Amino acid sequence: QVQFVESGGDLVQPGGSLRLSCTASGIIFTISAMGWYRQAPGKQRELVATISRGGSTNYADSAKGRFTISRDNAKNTMYLQMNSLKPEDTAVYSCKMVMLGRDYWGQGTQVTVSS
């Protein structure tokens, strides 16, 4: 069984920064792709950023230039550095990890951007 610990979500003012982290534990196989997704109230879940095992990254247009995804394979951990946050970034952010072709999801962490 795989468990996730997500942290870093908080209330922050516009223009502020947050760093999210997601660590997998339990029965862990080689993690291939990792990604961050978010879901705002009343909206569908959307991709924020993904990173391959080798470090190749992909970002949603809304995240480019402001967010940075990274991973530490030795720690089974993924990070999302978010800068210049905007109110429209408010959402529940969830991590996803792919192992042996199967998706594993974290429970999510709330990010609220408001003055």
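Scan (1) open to solvent by 30 Å² or more (accessible area, probe 1.4 Å); (2) under 15 Å from THR109 (Cβ atoms) for the single condition THR68 breaks and write down its number.
For THR68, the exception is condition (2).
Within the range 82-96, can you find the residues that are assigned to a loop (DSSP other than H, G, I, E, B) and not basic (Lys, Arg)?
Going residue by residue through the range 82-96, those that are assigned to a loop (DSSP other than H, G, I, E, B) are 83-86, 90.
Result: ASN83, SER84, LEU85, THR90.
Being buried (at least 16 other Cβ atoms within 10 Å of the Cβ) and of a type in the set (Gly, Ala, Ser) is the filter here; which residues of the range 81-92 pass it?
ALA91, the sole residue that qualifies.
List, please: which pairs have Cβ atoms under 8 Å, are six or more places apart or on different chains, and start with a residue in the range 51-71 that is in contact (Cβ under 8 Å) with a residue 24 or more places away in the chain and over 15 Å from ASP89 (Cα atoms) and end with one that is open to solvent by 40 Å² or more (accessible area, probe 1.4 Å) and β-branched (Val, Ile, Thr)?
Close Cβ pairs (under 8 Å, with a partner that is open to solvent by 40 Å² or more (accessible area, probe 1.4 Å) and β-branched (Val, Ile, Thr)) amount to ILE51/THR57; ILE69/THR57.
Identify, by number, the condition in (1) touching a helix residue (DSSP H, G or I) at 6+ places or on another chain (Cβ under 9 Å); (2) of a type in the set (A, V, I, L, M, F, W, C); (3) more than 15 Å from PHE4 (Cβ to Cβ); (4) at pLDDT below 95 that LEU100 doesn't meet.
All conditions are met except number (1).
Please go through the range 68-102 and pick out each residue that is among the charged types (D, E, K, R) and over 20 Å from GLY55 (Cβ atoms).
LYS86, GLU88, ASP89, ARG102
Name the strands (runs of 3 or more DSSP E) wholly inside the range 1-57 in which the number of residues that are more than 18 Å from ASN83 (Cα to Cα), aromatic (Phe, Trp, Tyr) and open to solvent by less than 40 Å² (accessible area, probe 1.4 Å) is 2 or more.
It comes to none.
Under 8 Å between Cβ atoms, which residue pairs at least 6 apart in sequence (or on different chains) link something in the range 29-42 that is in contact (Cβ under 8 Å) with a residue 12 or more places away in the chain with a partner that is open to solvent by less than 40 Å² (accessible area, probe 1.4 Å) and among the acidic types (Asp, Glu)?
If the second residue must be open to solvent by less than 40 Å² (accessible area, probe 1.4 Å) and among the acidic types (Asp, Glu), the pairs left are ARG38/ASP89.
Determine whether MET78 is buried (at least 16 other Cβ atoms within 10 Å of the Cβ) and at pLDDT below 95.
Numbers: buried (at least 16 other Cβ atoms within 10 Å of the Cβ): yes; at pLDDT below 95: no.
Spelling it out, it is not the case that MET78 is buried (at least 16 other Cβ atoms within 10 Å of the Cβ) and at pLDDT below 95.
Which members of the range 93-112 meet the condition of being open to solvent by 50 Å² or more (accessible area, probe 1.4 Å) and either within 12 Å of CYS22 (Cα to Cα) or not polar (S, T, N, Q) (or both)?
Quick first cut of the range 93-112, residues open to solvent by 50 Å² or more (accessible area, probe 1.4 Å) only: 100-103, 105, 107, 110.
Matches in the range 93-112: LEU100, GLY101, ARG102, ASP103, TRP105, GLN107.
The values are calculated or read from the model by the stated rules, or taken from the named source; none is laboratory data. On a predicted model such as this, the values are computed, not experimentally measured, just so you know. Glycine gets a Cβ as well: all are built from the backbone with ideal geometry, and neighbour counts include every protein chain shown. These area figures cover heavy atoms from the full protein model, side chains too; ligands, DNA and RNA do not enter into them. Shrake-Rupley method; radii C 1.70, N 1.55, O 1.52, S 1.80 Å.
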